[in-house]
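Chemist: Structure below; questions to follow.
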Amino acid sequence: MQFVQELKIHPFVRLIVPFIAGIIIGLHYHPHIHATGLVLTGLLVVVVIIHKINRSYRLRWLYGVAVNLLLIASGLLVLNIHHSGNEKVRKLSGQKVFCKAIILKDMVETEKTYKTVLKVKYIHGDTTLPLNFKVMAYFRKDSNTNKMQTGDILLGHAVFNVIEEPKNPYEFDYQRWMQYRGVILMTFLSGNSWQKIGRKKGYASFISDLRHQIIHIYKESGIRNDELAVLSALTLGQREYLPDDIEESFAIAGAMHVLAVSGLHVGIIYLILNAVLFFMKRNSYSRIIRCIIIILFLWFFALLTGLRPSVVRAVFMFSVIQTGQCLRRPPGIYNTITFSAFCLLLINPYQLTYVGFQLSYLAVTGIVFFQPKIYSLLCFRSLIADKIWQLFSVSLAAQLVTAPLTTFYFHYFPLYFWLTNVFVIVLTGMIIYLSVFQISVFVLHLPYLLTGKILDFLLRLMNILTSKIHRLPNALIGNINTSLVELIMLYGMIISMTVFLTKHNRKALIWSLAFLLGIM
């Protein structure tokens, strides 16, 4: 009964489950979009009729069934709309066309080519057809290619091909991975098949120039090599330039989430803005201005990082929280989490397949639910010991709910995550604070070399400590092959054991032991 009451307080928790079920059905089955629309309309009419005649609430079970079916059909329809758009683009495979395109992402250098993502605006033939779809482009290396930037407009011939399917069993399905990110086709371009005809003035080119300017400030401040690569990843989301050994060290040490700009970084910036604008809480007018400033700055940071899904998720969530605080109607945290997930899936249902989407929402939910319970187990008089225990409890809560999923996708588990996260989170906060200060003093033409040396030292310290933990004995449990059935049983065991420990329900204990037996 208490569980039902909690669901009433958090309505989006109830709404998102059937909506996600519809998306999952749509990933494996694609009925005709018109048929799905008719079913959705019919269910909507049924829901309205039941709502009108259900005066005595005797048909509330039927109303609940109809609403859940409506949400399932909605998830299926949203997924099919995106799928039908992909199928139209797929028909261009194998054709040689003359087209105009815009560079969406900065060039990434590979062994033989430069790769980027293009947005095709027009295809010129017998008729000029506007298309506006994305293509993975590989450019042959030459002097012109090296100078291209985000926002450049290209004109030339191209042959589009569908990204190849995996050729071996259990090989990573790159085609499906790119399809879920809106990229169906690929093309190889040589220097004589295209030419740059201009540059689009918009947010993409502006953000790209701003990112290059910030990296220039870091270089002028004396930050070089691995430290510059890590700082670019931490503050701008530019992971393309990270050396393989640095990525390996962070992954094995259990700190890879730090290099992927996400909720942690957005949370730190949110705290900075709250601290700087503390004086704007005196009246309702200043609170509204403060709320608008914080939300705009957070979305600007999301643009600066290239609107990465992990950042957009976190910024959207903090925007909802900030709006609730501004209106003095703070939303429930579980309702906020599910509301943000619902809106993002409504915009792009393929985000459900993103590992980062799954891990981030699991981690946030785990931290909100488990962290206070773990933190309350021990009490320290020392402020420093208490803060260390607080960080440890956050890390443990996040790992508790994400460990089965990480072993399912990545087949390894870092044993020293608890040690890494204690100092990495502290250092990350200090580095982000100092990098904001460093950019400010540089722009204001104040002395910046000293703070640049401190920033470089903190980055070097983070790399050294991560490398040391990476080299500890048994730092990683590898070759963990978790199947989908085992993944479901692991989460079943975690949920049932949690119910037993919090509600003292004996049936939950029996279920948890049954799941454990099934896994064994």
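The values are calculated or read from the model by the stated rules, or taken from the named source; none is laboratory data. Note that this is a predicted model, so its numbers are computed, not measured. In this analysis, Cβ positions are derived from the backbone assuming ideal geometry, glycine residues included, and neighbour counts consider all displayed protein chains. For the accessible areas, the whole protein counts, side chains as well, though only heavy atoms, and no ligand, DNA or RNA atoms are used. Shrake-Rupley method; radii C 1.70, N 1.55, O 1.52, S 1.80 Å.
Chemist: Can you name the residue in the stretch 142-160 that is within 28 Å of the chain's Cα centre (by Cα) and among the polar types (S, T, N, Q) and is also nearest to M178 (Cα to Cα) among such residues?
Modeler: Only one residue fits best here, namely T150.
Chemist: Here's another thing I want to ask about it. Out of all the residues in the stretch 225-235, which are aliphatic (A, V, I, L, M) and either open to solvent by 20 Å² or more (accessible area, probe 1.4 Å) or assigned to a strand (DSSP E or B) (or both)?
Modeler: Within the stretch 225-235, just L228 meets the criteria.
Chemist: Right, next: Can you give me the number of residues within the stretch 265-301 that are of a type in the set (A, V, I, L, M) and in contact (Cβ under 8 Å) with a residue 60 or more places away in the chain?
Modeler: Of the residues in that region, 3 qualify.
Chemist: Quick test of your reading of the structure: L472 fulfils all but one of (1) in contact with a Leu (Cβ under 7 Å, 6 or more places away or on another chain); (2) open to solvent by 50 Å² or more (accessible area, probe 1.4 Å). Name the failing condition by number.
Modeler: Against the list (1) in contact with a Leu (Cβ under 7 Å, 6 or more places away or on another chain); (2) open to solvent by 50 Å² or more (accessible area, probe 1.4 Å), L472 comes up short only on (1).
Chemist: Among the listed residues S376, S360, which satisfies the condition of being polar (S, T, N, Q) and under 27 Å from L71 (Cβ atoms)?
Modeler: Only one candidate qualifies: S360.
Chemist: For the stretch 101-114, which residues satisfy the criterion of being more than 26 Å from L352 (Cβ to Cβ) and open to solvent by 60 Å² or more (accessible area, probe 1.4 Å)?
Modeler: Hits for the stretch 101-114 are E109, E111, K112.
Chemist: Listed residues G452, G492; which is part of a helix (DSSP H, G or I) and touching a residue at least 24 places away in the same chain (Cβ under 8 Å)?
Modeler: Numbers: G492 fails: touching a residue at least 24 places away in the same chain (Cβ under 8 Å).
Sole residue among the options that is part of a helix (DSSP H, G or I) and touching a residue at least 24 places away in the same chain (Cβ under 8 Å): G452.
Chemist: Just for the stretch 321-341: of the residues that are part of a helix (DSSP H, G or I), surrounded by fewer than 19 Cβ atoms within 10 Å (Cβ to Cβ) and not polar (S, T, N, Q), which one is farthest from the chain's Cα centre (by Cα)?
Modeler: From the stretch 321-341, those part of a helix (DSSP H, G or I) are 321-326, 333-341; that's our starting set.
Keeping just the survivors that are surrounded by fewer than 19 Cβ atoms within 10 Å (Cβ to Cβ) gives 321, 323-326, 333-335.
The next check asks that each one be not polar (S, T, N, Q); those that pass are 321, 324, 326, 333-334.
Numbers: I321: 18, G324: 23, C326: 26, I333: 19, Y334: 18 Å.
Within the stretch 321-341, the match that is farthest from the chain's Cα centre (by Cα) is C326.
Chemist: Please tell me if A251 is within 22 Å of S310 (Cα to Cα), out of contact with any Cys (no Cβ under 6 Å at 6 or more places or on another chain), at pLDDT 85 or above and surrounded by 14 or more Cβ atoms within 10 Å (Cβ to Cβ). Before the answer, list the steps.
Modeler: On the way: within 22 Å of S310 (Cα to Cα): yes; out of contact with any Cys (no Cβ under 6 Å at 6 or more places or on another chain): yes; at pLDDT 85 or above: no; surrounded by 14 or more Cβ atoms within 10 Å (Cβ to Cβ): yes.
Here the answer is no, as A251 does not meet what is asked.
Chemist: Are any residues in the stretch 430-448 open to solvent by less than 100 Å² (accessible area, probe 1.4 Å) and either over 30 Å from the mean Cα position of the chain (by Cα) or on the phi > 0 side of the Ramachandran plot (or both), and if so, which ones? Don't jump to the end; show me each part of the working.
Modeler: Looking only at the stretch 430-448, we keep the residues that are open to solvent by less than 100 Å² (accessible area, probe 1.4 Å), and these are 430-432, 434-436, 438-443, 446, 448.
Within the stretch 430-448, V441, F442, V443, L446, Y448 qualify.
Chemist: Also: Can you pull out the residues in the stretch 498-520 that are open to solvent by less than 70 Å² (accessible area, probe 1.4 Å) and either in contact (Cβ under 8 Å) with a residue 60 or more places away in the chain or not aliphatic (A, V, I, L, M) (or both)?
Modeler: Listed by number, the residues that qualify are T498, F500, T502, N505, S512, F515, G518.
Chemist: Still on this structure: Can you find even one residue in the stretch 289-300 that is part of a helix (DSSP H, G or I) and either of a type in the set (S, T, N, Q) or closer than 30 Å to E111 by Cβ (or both)?
Modeler: Scanning the stretch 289-300 turns up no residue that is part of a helix (DSSP H, G or I) and either of a type in the set (S, T, N, Q) or closer than 30 Å to E111 by Cβ (or both).
Chemist: Identify, by number, the condition in (1) more than 20 Å from the chain's Cα centre (by Cα); (2) in a helix (DSSP H, G or I) that I268 doesn't meet.
Modeler: (1)
Chemist: Between residues in the stretch 155-168 that are in a loop (DSSP other than H, G, I, E, B) and residues that are among the aromatic types (F, W, Y) and open to solvent by 100 Å² or more (accessible area, probe 1.4 Å), which pairs lie under 8 Å by C-beta distance while being six or more apart or on different chains?
Modeler: P166/F172
Chemist: Related question: Among what's in the stretch 373-429 and is touching a strand residue (DSSP E or B) at 6+ places or on another chain (Cβ under 6 Å) and aromatic (F, W, Y), pick the residue that is most open to solvent (accessible area, probe 1.4 Å).
Modeler: Per the stated criteria, the residue is Y412.
Chemist: Looking at the structure I just gave you, is V183 of a type in the set (A, V, I, L, M, F, W, C), touching a Ser or Thr at 6+ places or on another chain (Cβ under 8 Å) and in contact (Cβ under 8 Å) with a residue 12 or more places away in the chain?
Modeler: So V183 does not fit the description; no.
Chemist: For the stretch 280-320, which residues satisfy the criterion of being over 23 Å from the mean Cα position of the chain (by Cα) and under 19 Å from S208 (Cβ atoms)?
Modeler: Those that are over 23 Å from the mean Cα position of the chain (by Cα) and under 19 Å from S208 (Cβ atoms): none in the stretch 280-320.
Chemist: Which members of the stretch 166-179 meet the condition of being at pLDDT 85 or above and not aliphatic (A, V, I, L, M)?
Modeler: Matches in the stretch 166-179: Y174, Q175, R176, W177, Q179.
Chemist: Now for a different question. Considering only the stretch 180-224, state which residues are among the aromatic types (F, W, Y) and surrounded by 16 or more Cβ atoms within 10 Å (Cβ to Cβ).
Modeler: Passing the criteria: Y180, W194, Y218.
Chemist: Consider I495 carefully, then state whether it is aliphatic (A, V, I, L, M) and open to solvent by 50 Å² or more (accessible area, probe 1.4 Å).
Modeler: yes
Chemist: Check whether at least one residue in the stretch 398-407 is closer than 19 Å to K468 by Cβ and of a type outside the set (F, W, Y), and report yes or no.
Modeler: no
Chemist: Could you list all residues from the stretch 352-399 that are part of a helix (DSSP H, G or I), hydroxyl-bearing (S, T, Y) and closer than 20 Å to L419 by Cα?
Modeler: Y375, S393, S395
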